[in-house]
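S.K.: Quick one: structure below, then a few questions.
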Amino acid sequence: MLDCGITQTGVFMKTEHRIVSKRQLSEEVYRIEVLAPLVARERKAGQFVVVMYDEEYSERIPLTIADADPEKGTVTLIFQTVGASTHKLALKEPGDSIVLLGPLGNPTHIEKFGWAVCVGGGIGLAPLHPIVKALKEAGNRVTVISGARTAELLIMQDEMNAVADENIVVTDDGTAGRKALVTVPLAELCAASPPPDIVVAIGPPIMMKFCAETTRPFGIKTLASLNTIMIDGTGMCGGCRVSVGGATKFVCVDGPEFDAHQVDWGQMMSRLGAYKDIEKEAHEKCHLEMSIKQLEKERS
Amino acid sequence: MPSGNVHQAVGEGTIMSHMETSFYQQAAQAELEKIRSAALTPRARMAITVQDMPCQDPEVRRHNMQEVAIGYTREQAMLEAERCLQCKNAPCVAGCPVKIDIPGFIRKVKEGDFTGAGQVIKQTNLLPSICGRVCPQEKQCQLPCTVGKALGGVDKAVQIGRLERFVADYEREHGLQTVPHAGPSSGKRVAIVGAGPAGLTCAVDVRREGHDVVVFEAFHKAGGVMVYGIPEFRLPKALVASEAGLLESMGVQFEMNFLVGRTRKLSSLLKEDGFDAVFIGTGAGLPKFMDIPGENLVGVFSANEYLTRANLMKAYEIGKAGTPIYPSRRVAVLGGGNVAMDSARMAMRLGAEEVRVLYRRTREEMPARAEEVGHAMEEGIIFDFLASPTKVVGDDKGKVAGLEVLSYQLGEPDESGRRKPVPIRGSEHFVPFDTVIVAIGNESNPLISRTTPDLHVDRHGHIIVDEKQKTSLDRVYAGGDIVLGAATVILAMGEGRRAAAAINEVLQ
């Protein structure tokens, strides 16, 4: 019997997913810890949740689980404010409740591979962390490559340093670590002898695509975790479909991780951009509204 | 859209000019007064005018989300009820999946006792305002109707569905809805997986017996296909919420945003959480695609995705809804069922300039409710029968540019006696579209079966059940689309009811 989420008599409580803490990690990146005892208990590395900022008009936002604490009954989500919906989510404060469904998707297949290289770009470092942890616990030697545009956007570094055997930092502008793209150290590691046994890449699609291209000539098994457009996250809508090895797969029920060498990246990226124009407009409007609110607040 | 397009449509859609409710009302009142002067012979009953459903003007409604059918007036309902012959053998009841006492409730309507009529229906159907709107009556209760048979057509049958809807709406609008009585607590607990038609029906029936009932739903609203799939203009969401509210008043508990199989395993519900039985009503929920080239281009949607965005996520409330809807001008809908009709009519309401339904056979074979096809035609949806795409053609940005369509002709009759569509070789032609909605049905969602090892499913992934809806697992029952494949709301309700009876029996 669970100690939380279910009362002594075994009846489920109406689970209220309350935000218990919130921290801004960089200008655009937020970390929230949400009460979700059953999800915290069940989730495994690689799985995600769908959240909504309200029940009426919110979009359903898929977010990978960055961490979970089964004792406290919380899950940690790290997200970037890339559009109107994530902006509205960022406006939620501790004590507020959100809608949360999960854990969704298949857990990462963890075993003792030998040497694992885990590449995280930007916000992708958040979902990468539990995978690094799990690989380490399974007895692997784990090298992390942490990449970001600039030092300010580099997240999860204390956490990564705590678990990884090695953490190679790169930034586009050289403000932290090497001034390079993640594929540069990745290529160097692939050329080592013996080469890595597995590579896991999570980050912007373009980064994952180039990681796949980097490892392909070396024939190193490479996994990528896809974050496509989704509605329900349970297989019902098919909005998340991608071509993998020529077959159509649903990211929500067949993924989210796939063989990066088999993913049709061009198609995946064009599908991700399906609502770009509408979203841009909504995001700008949202930005404007927030600035007005801020101004009004300052005035009063 | 010019009305010329309507006539361009293949098929025999007789399109009547639009009449306001007041017209039907006055006609009904006059006829009612006339027939009330003497006792009616069966012949005289059959001579009464079939009451049409007052509807919003097609020109108006195709730009709004409000309900298309307005509902009978009191007089219309009473007049339509007079058409019923009160057959002793009641063939209509045999055609009803939940066996409503149809002559019984119609008799009450005739007498003007609408509350009484509601009570008769509620004995076997708790969701009449929904069934009255979405059941395919012409294939069920109205098909064997004696009046329809005598008058030579199912469209002349007593309009049972419209009467059912009238009675249910009357009850709700007059605040006469009664909460079904839950029996004294049995101390037993039942879990219902999925808050769709099968699950809700099962929940009511087991709750009546006094069992504790918890309904687990993955979405943030109860109703299943009735909230994500069937559009507002055909089934108002407030109505579904009100019916689900009745369940809560009965003491049924809802656990929303809870995915059994992921949030918690089915086996944990039975072994750790003290549930004595489980009913699985998770629906079809895994959209089928055509399996033709180009189906992953931007602008191709499953009907599930398109309708969920529009209905559940309210994407039509542009500016308020966070969920965007794809801006479409020329829309192709593939399929011939109710979901295809819903998608086409939704696309029209969301601002498409032209919507075409492509169907491989002809109107006669279309599985959609006749009324929906008629409504779609009235609204200017164009039907391309004997046509099916062979590929989706994309532009240089990975977006849909159109379809390559193959034409068919009717060939020799097959074993069933129906003439088979045969492709016309070399008839492939390009038709420009920017949006393609695939509405060719669903496969079963694999989530529960994948996470529940001993649950037997067939090769389509449908859960295998016996005649009492029991699965291969002890104390686990299933019903609705997860068993049937894509079927109807009412068949799902029928299965939910049967499962409830079996559960109540074992928990005695």
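Rule-based calculations on the coordinates, nothing more; no lab input. Remember, it's a predicted structure, so these values are computed and weren't measured experimentally. Using ideal geometry, Cβ is built from the backbone for each residue, glycine included, and neighbour counts are taken over all protein chains shown.
S.K.: Can you give the FRET efficiency for A:Thr248 and B:Gln29, using 1/(1 + (r/R0)^6), R0 = 60 Å, r = Cβ-Cβ distance, to the nearest 0.05? Before the final figure, lay out each step's value.
M.R.: Working: r = 58 Å, r/R0 = 0.96.
So, using R0 = 60 Å, E works out to roughly 0.55.
S.K.: Continuing with the same structure: Using the Karplus equation 6.51 cos²θ - 1.76 cosθ + 1.60 (θ = phi - 60°), what ³J(HN,Hα) coupling, rounded to whole Hz, does each residue of the stretch B:361-375 give in order, writing x for Gly and Pro?
M.R.: Residue by residue, the stretch B:361-375 yields 10, 10, 4, 4, 8, 4, x, 5, 4, 4, 5, 5, 5, x, 4 Hz.
S.K.: Of all DSSP beta bridges in the stretch B:327-456, what percent run antiparallel (nearest 5)?
M.R.: On the way: 15 of 28 bridges.
Antiparallel bridges make up about 55 percent of those DSSP assigns within the stretch B:327-456.
S.K.: Now for a different question. Have a look at B:Pro293, B:Pro236, B:Tyr306 and report the one farthest towards the positive end of the charge dipole of the stretch B:224-309, computed about the Cα centre with Cβ charges (Lys/Arg +1, Asp/Glu -1).
M.R.: About the Cα centre, the residue reaching furthest to the positive side is B:Pro293.
S.K.: If you don't mind, there's one more thing I want to ask. Which order do peptides A:285-294, A:128-137, B:189-198 fall in by mean Cβ count within 10 Å, highest first? It would help to have the intermediate numbers written out before the result.
M.R.: On the way: A:285-294: 12.4, A:128-137: 22.7, B:189-198: 30.4.
Highest-to-lowest ranking by the protection proxy: B:189-198, A:128-137, A:285-294.
S.K.: Multiplying the sequence separation of A:His109 and A:Ala187 by 0.36 nm and subtracting their Cα-Cα distance, what value in nm do you get? Let's see the in-between values first.
M.R.: Numbers: separation 78, 0.36 × 78 = 28.08 nm, distance 2.37 nm.
Additional length available on full extension: 25.7 nm.
S.K.: Using a 10 Å cut-off on Cβ to Cβ distances, tally the other chain neighbours for every residue of B:316-327 and report the average as a whole number. Mind showing how you got there, number by number?
M.R.: Details: counts 0, 2, 2, 3, 2, 5, 18, 8, 13, 2, 3, 3.
Rounded to a whole number, the mean comes out at 5.
S.K.: Please report the projected area of the stretch B:402-489's Cα convex hull averaged over all directions, in nm². All intermediate terms of the calculation are to be shown ahead of the outcome.
M.R.: Details: hull surface 38.7 nm².
That works out to 9.7 nm², a quarter of the Cα hull's surface.
S.K.: For the stretch B:62-131, compute the orientation-averaged projected area of the C-alpha convex hull (one quarter of its surface), in nm².
M.R.: Numbers: hull surface 23.3 nm².
If I average the Cα hull's projected area over directions, I get 5.8 nm².
S.K.: Once amide H atoms are placed 1.01 Å from N in the peptide plane, what residues at a sequence separation of 5 or more from B:Arg419, or on another chain, have their amide H within under 5 Å of its amide H?
M.R.: The answer is B:Asp414.
S.K.: Next question. Write down the radius of gyration of the stretch A:36-190 and its Dmax, each obtained from C-alpha positions, in Å.
M.R.: For the stretch A:36-190, the Cα radius of gyration and maximum Cα-Cα distance read 16.5, 50 Å.
S.K.: Using a 10 Å cut-off on Cβ atoms, rank the peptides B:394-403, B:31-40, B:335-344 from the highest mean neighbour count down. Before the final figure, lay out the partial values.
M.R.: Values: B:394-403: 17.4, B:31-40: 11.7, B:335-344: 26.2.
The peptides rank, most packed first, as B:335-344, B:394-403, B:31-40.
S.K.: Give me P(r) over chain A, computed from all C-alpha to C-alpha distances, binned every 10 Å, as integer percentages.
M.R.: Reading the bins upward from 0: 6, 26, 35, 23, 8, 1, 0.
S.K.: Would you mind computing, in nm to one decimal, how far apart the modelled labels at A:Asp173 and A:Gln294 are, each placed 7 Å from Cα along Cα→Cβ?
M.R.: Placing both labels 7 Å along Cα→Cβ, they lie 1.8 nm apart.
S.K.: Here is a further query. So if I place +1 on the C-beta of Lys and Arg and -1 on the C-beta of Asp and Glu, and nothing else carries charge, what would the dipole magnitude of the stretch B:392-508 be about its Cα centre? I want it in debye, nearest 20.
M.R.: Values: 13 positive and 17 negative charges, 38 e Å.
Dipole about the Cα centre, nearest 20: 180 debye.
S.K.: Mind putting a number on the dipole of the protein assembly as shown about its Cα centre? Charges go on the C-beta only, +1 for Lys and Arg and -1 for Asp and Glu, and I need it in Debye to the nearest 20.
M.R.: Numbers: 90 positive and 101 negative charges, 226 e Å.
In debye, rounded to 20, the protein assembly as shown gives about 1080.
S.K.: While we're here: Can you give the FRET efficiency for B:Glu364 and B:Glu415, using 1/(1 + (r/R0)^6), R0 = 25 Å, r = Cβ-Cβ distance, to the nearest 0.05?
M.R.: Working: r = 17 Å, r/R0 = 0.69.
That pair, B:Glu364 with B:Glu415, gives E of 0.90.
S.K.: Hey, can you rank B:246-254, B:220-228 by average C-beta count inside 10 Å, highest first? List each step's numbers first, then the result.
M.R.: Working: B:246-254: 17.8, B:220-228: 24.3.
With the highest mean Cβ count within 10 Å placed first, the list reads B:220-228, B:246-254.
S.K.: Hey, another quick one. Collect residues whose amide H, placed 1.01 Å from N in the peptide plane, falls under 5 Å from the amide H of A:Val263; neighbours closer than 5 in sequence don't count.
M.R.: Residues meeting the amide H criterion: A:Gly245.
S.K.: Excluding A:Lys179 itself, calculate the net charge of residues whose Cβ lies under 9 Å from the Cβ of A:Lys179, where each Lys or Arg counts +1 and each Asp or Glu counts -1. Don't jump to the answer; show the numbers that get you there.
M.R.: Working: positive: A:Arg178; negative: A:Asp172, A:Asp173.
Residues near A:Lys179 contribute -1 overall.
S.K.: Let me ask something else about it. Full extension from A:Asp259 to A:Phe218: what is 0.36 nm times the residue separation minus their Cα-Cα distance, to one decimal in nm?
M.R.: Details: separation 41, 0.36 × 41 = 14.76 nm, distance 1.45 nm.
Full extension from A:Asp259 to A:Phe218 adds 13.3 nm.
S.K.: Restricting to the protein assembly as shown, compute how many DSSP beta bridges are antiparallel as a %, nearest 5.
M.R.: Values: 56 of 112 bridges.
Antiparallel bridges make up about 50 percent of those DSSP assigns within the protein assembly as shown.
S.K.: For peptide A:234-246, how many partner chain Cβ atoms fall within 10 Å of a residue's Cβ, on average? Show your work: numbers first, answer last.
M.R.: On the way: counts 10, 10, 17, 13, 14, 8, 1, 7, 1, 2, 0, 0, 0.
Neighbouring Cβ atoms belonging to other protein chains average 6 per residue here.
S.K.: Report the Cα centroid-to-centroid distance between the stretch A:164-213 and the stretch B:273-328 in angstrom, as an integer.
M.R.: Here the answer is 36 Å between Cα centres.
S.K.: If you project the alpha carbons of chain B onto the principal axes, what extent comes out on each, in Å, largest first?
M.R.: Cα extents, longest axis first: 67, 67, 53 Å.
S.K.: Ok, one more. Normalized C-alpha radius of gyration of the protein assembly as shown, against 2.2 N^0.38 Å?
M.R.: Its radius of gyration relative to the 2.2 N^0.38 Å reference: 1.02.
S.K.: Under the rule of at least 5 residues apart or a separate chain, name every residue whose amide H is placed under 5 Å from the amide H of B:Ala277.
M.R.: Residues meeting the criterion, in which the H sits 1.01 Å from N, are B:Arg189, B:Ala191.
S.K.: Further question: For the stretch A:30-69, take N as its residue count and report Rg(C-alpha) divided by 2.2 N^0.38 Å.
M.R.: Details: Rg = 10.9 Å, N = 40, 2.2 N^0.38 = 8.9 Å.
Normalised Rg, Cα atoms only: 1.21.
S.K.: Determine the percent antiparallel among the DSSP beta bridges restricted to chain A, to the nearest 5. Could you put the intermediate results ahead of the total?
M.R.: Working: 35 of 58 bridges.
Approximately 60 percent, going by the DSSP bridge assignments.
S.K.: Just to be sure I understand the model, the point goes 7 Å from the Cα along the line to the Cβ. What's the resulting B:Arg425 to B:Gln123 distance in nm?
M.R.: 6.3 nm
S.K.: Take the Cα coordinates of the stretch B:458-508, assign each an equal point scatterer, and use the Debye formula without solvent to give log10 I(q)/I(0) at q = 0.26 Å⁻¹.
M.R.: Reported log10 I(q)/I(0), two decimals: -0.97.
S.K.: Taking the Cβ of each residue in B:Val506, A:Val242 as the centre, tally the other Cβ atoms inside 10 Å and list the residues starting with the fewest. List each step's numbers first, then the result.
M.R.: On the way: B:Val506 14, A:Val242 23.
In order of increasing Cβ crowding within 10 Å: B:Val506, A:Val242.
S.K.: If you don't mind, there's one more thing I want to ask. Any idea which of A:Ser146, A:Asn161, A:Ile131 is furthest toward the positive side of the dipole for the stretch A:127-175, if Lys and Arg beta-carbons carry +1 and Asp and Glu beta-carbons -1?
M.R.: A:Ile131
S.K.: What residue among A:Thr64, A:Thr175, A:Thr86 shows peak mean-square fluctuation when chain A is described by a Gaussian network model with Cα springs under 10 Å?
M.R.: Comparing A:Thr64, A:Thr175, A:Thr86 in the GNM, the peak value goes to A:Thr175.
S.K.: Sticking with this one: Take the Cα radius of gyration of the stretch B:226-311 and divide it by 2.2 N^0.38 Å, with N its residue count; two decimals is plenty. Don't skip to the answer; put the middle values down first.
M.R.: Numbers: Rg = 17.5 Å, N = 86, 2.2 N^0.38 = 12.0 Å.
Against the compact-globule rule of thumb, the ratio is 1.46.
S.K.: Calculate the mean, over all residues of peptide B:262-272, of how many other protein chain Cβ atoms lie within 10 angstrom of the residue's Cβ. Working shown, then result.
M.R.: Values: counts 13, 15, 8, 1, 0, 0, 4, 2, 0, 0, 4.
Mean shielding count: 4.
S.K.: Another question about this same structure. Mind jotting down the three principal axis lengths of the stretch B:350-478 based on Cα atoms? Whole angstrom, largest first.
M.R.: On the principal axes, the stretch B:350-478 reaches 54, 44, 33 Å in Cα extent.
S.K.: Would you please classify the overall shape of the stretch B:158-258 from the alpha carbon gyration tensor, given that a ≥ b ≥ c denote the square roots of the eigenvalues, rounded means a/c under 1.5, and beyond that prolate means a/b larger than b/c while oblate covers the rest?
M.R.: In terms of gyration-tensor shape, oblate.
S.K.: Considering only A:Gly233, A:Thr81, A:Val263, whose Cα is most displaced toward the positive end of the charge dipole of chain A, charges sitting on Cβ of Lys, Arg (+1) and Asp, Glu (-1)?
M.R.: The residue sitting most towards the positive pole is A:Val263.
S.K.: Relative to the Cα centre, what is the charge dipole magnitude of chain B, using +1 at the beta carbon of each Lys and Arg, -1 at the beta carbon of each Asp and Glu, and rounding to the nearest 20 debye?
M.R.: Values: 59 positive and 62 negative charges, 104 e Å.
Roughly 500 debye, rounded to the nearest 20.
S.K.: Once the stretch B:388-440 is represented by equal point scatterers at the alpha-carbon sites, with solvent omitted, what log10 I(q)/I(0) does the Debye formula produce at q = 0.16, 0.20, 0.22, 0.31 Å⁻¹?
M.R.: Those come out to -0.59, -0.76, -0.84, -1.11, one per q.
S.K.: Suppose R0 equals 30 Å; then what is the FRET efficiency for A:Leu91 and B:Ala238 from their Cβ-Cβ distance, rounded to the nearest 0.05? Don't skip to the answer; put the middle values down first.
M.R.: Values: r = 28 Å, r/R0 = 0.95.
Calculated transfer efficiency: 0.60.
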